């Protein structure tokens, strides 16, 4: 795999020309012009963005999407926010799926209450509702929503349908709210990176292997961060559509903004199989297309891969792991000390038996693993064998009921079940810790999307630890056939049957509610007792005092660490209840500290003295008055902030930000933000996305910071903002910075949150 350190020209979809001193001559020889600006408009990404941009300025995009999609731990908050902001009907198709809290196993009635809320809103506002167990969100979108040249926005980070010619983006809920209220998705024109594929995958290599190889190469370098990955090259023709989808969905783990693939007759056949041939559109870059960078991959060189705990970028070939087992396990233990803050002892060395790595559990599931081809290949590997009667277990989750039906018809389900594997319904739980949690110290291999700490469902705060390695379904099946001893699929001699897929959409016709876009204002919205409105949120004050209530120095902080997944997801319909879980796995004292500081702001909102509610603020105010004597409760806000080196990797969940806001958070301070979507979530909840250079911090956990005239700084579009550490009666100045904000983003911060922004309008 090669990463280019220059931009590249792609000529006729096949020939790469680096943007160097020889580029002009090479293009001239081919009868092409080296017009970089015109060639940059020749990408597929440019054409799709241009078709959906309403600003008239391709440098500053204002995008309107064709369709929206959410699942049952995001749509309640989104619709509640939109309702509070004046929602009357869904202006574009909006699909509510129910694939996360499907088990209805935690908290009594609250999961099914959310589902009934979703169904009633689909009826009232004119949407679609997919009942639990029918399909995971992204598979339904592939089967029923995607279209060539279209754009879809989803409130799940793995919203990726590029292999079908659809540019899809996963964002926090407030960005969907904007679309529901007729507003736009505002971003600067992103860079576009070519992913140039040649060759053909080896037998036994699957889409997860290709994806992990890419992630391992680009993640740490930030090579595609907030850019569009555009898949091109002759190697794509050697991949089935299911294979392309499996690579595409994992692009989220590179931190790219979105993805798009060239589309051919195989994609046309996919749409035809699903009864939607009219939604196909051929996609190719123009004869000359310019890219800001390029990842060149010879598919034939990729071997079966494994991403060891605790990140999808911690990748090795399975062969490399087996030959350097103890050294790599030692490295994993060192990483664990950082990821787990030394809270528990962690080792995988006790999994080594007679020189082989033994695995406790295998899972093939969700939007990445649950595809038809993945499961058929796994069944071919396992046919006639046994997973054994020891610790090892294997669970398989087809991604939709139509896939499940076809697997039943062609015998794959029977073949899997005969081995001792369990085949279950469509469910995202294994991906985020709501299903198949291993035993303490258990080690699971999964064809799913992520393997962050505790993402498999263990609770660090209770002294529990389990871990996940990501692998392709084929190598998981090979390991299962070897009764739990780690095995790459290329180690087996298997004839893959590659049965044809037949889609039966009758189950959707029988069970999915589709309003056809017709709203019914007479329909009452059904509220369970756990569904609560967002609390009132204050506007940005003239001056601000922040207490640092958590300091995180991990290289990357995931949204799972900011607000855990798993059973806490059941409380996402209740902002105050959910906020009690904020940072519970990373800093259990955070909630108490934040709520203590919040007492001062609540006193201000009641026109009372904040020093009475929070006595420790008195010496802080006294120090501030030595230089700013006019600061008082009439022009002051008091709240909390956290520092993290690089927060926001992972899920699109807005609650990673909103829980902080609910607890009185006014800002984050970071060296950089891992994703655009997390920074957007902060802004949409009225929180300031401050930056500070890496190195020694001017403050520490527990310190108070004073930011004078912050409202004026935001209004005047300042990117450098003076601040002070208030300590020992002194004001010590330092500098905060902030990347560019759009006009709407500034107003949202000034108003205090997106809900206030729309109410004020």
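Bear in mind that the values in this text are calculations on the coordinates, not laboratory data. The structure presented is a predicted model; accordingly, all values stated were derived computationally and were not measured. Neighbour counts run over all protein chains shown; Cβ positions are idealised from the backbone, glycine included.
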What share of the DSSP beta bridges in region 305-506 is antiparallel, in percent to the nearest 5? 35
Distance from a point 7 Å along Cα→Cβ of residue 519 to each backbone N in region 78-99: keep the residues under 18 Å and list them by number. 78-96
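Suppose we take every Cα in region 85-129 and form the convex hull; what volume per residue is that in Å³? Spell out each step's value before the answer.
Values: hull volume 3.7 nm³, N = 45.
Dividing the Cα hull volume of region 85-129 by its residues yields 81 Å³.
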Percent antiparallel among DSSP beta bridges confined to the chain, rounded to 5, stands at 40
Taking Cα centroids, how far is region 168-228 from region 567-625 in Å? 36
If the chain between residue 731 and residue 89 were fully extended at 0.36 nm per residue, the gain over the current Cα-Cα distance would be 226.0 nm
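Kindly rank 257-264, 557-564, 512-519, 332-339 from highest to lowest mean number of other beta carbons found within 10 Å of each residue.
Working: 257-264: 25.0, 557-564: 27.1, 512-519: 14.6, 332-339: 16.5.
Top to bottom by mean Cβ count within 10 Å: 557-564, 257-264, 332-339, 512-519.
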Label point distance in nm, residue 497-residue 634, each placed 7 Å from Cα along Cα→Cβ: 8.1
Can you pull the one-decimal nm distance between simple spin-label points at residue 112 and residue 542, each 7 Å off the Cα toward Cβ? 5.5
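Once R0 is set to 45 Å, what does the formula 1/(1 + (r/R0)^6) return for the Cβ-Cβ distance between residue 60 and residue 331, expressed as a FRET efficiency to the nearest 0.05?
On the way: r = 44 Å, r/R0 = 0.97.
With R0 = 45 Å, the Cβ-Cβ based efficiency is 0.55.
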Volume per residue (Å³) of the convex hull spanned by the alpha carbons of region 63-186 is 93
For residue 12 paired with residue 599, estimate the spin-label separation in nm (one decimal), with each label point 7 Å from Cα along the Cα-to-Cβ line. 7.5
When only Cα pairs under 8 Å and 6 or more residues apart are kept, what is the percent relative contact order across region 399-457? 31
When each pair of different Cα atoms in region 434-517 is counted once in the 1/r mean, what is the Kirkwood radius in angstroms, to one decimal? 16.2
What is the gain in length, in nm to one decimal, between residue 417 and residue 742 on full extension, counting 0.36 nm per residue of separation less the C-alpha to C-alpha distance? 111.6 nm
Assign one of three labels to region 543-760, namely rounded, prolate or oblate, based on the Cα gyration tensor with a ≥ b ≥ c the square roots of its eigenvalues; rounded applies when a/c is under 1.5, prolate when it is not and a/b is larger than b/c, and oblate otherwise. rounded
Percent of alpha carbon pairs in region 305-506 separated by more than 23 Å? 40
Which whole-number percent is the relative contact order of region 66-193 (Cα, under 8 Å, 6+ apart)? 29
Please report the spacing between the Cα centers of region 259-324 and region 501-557 in Å, no decimals. 30
What relative contact order, as a whole-number percentage, does the chain give when Cα pairs under 8 Å and 6 or more residues apart are counted? 14
Rg and Dmax of region 632-730, Cα atoms only, in Å: 13.7, 41
Antiparallel as a % of all DSSP beta bridges within region 19-165, to the nearest 5? 10
Calculate the FRET efficiency for residue 287 and residue 350 from the Cβ-Cβ distance with a Förster distance of 60 Å, rounded to the nearest 0.05. 0.55
Label corresponding to semi-axes √(5λ) of the Cα gyration tensor in Å when calculated from the structure given, among (i) 50, 32, 23; (ii) 89, 31, 25; (iii) 41, 30, 28: (iii)
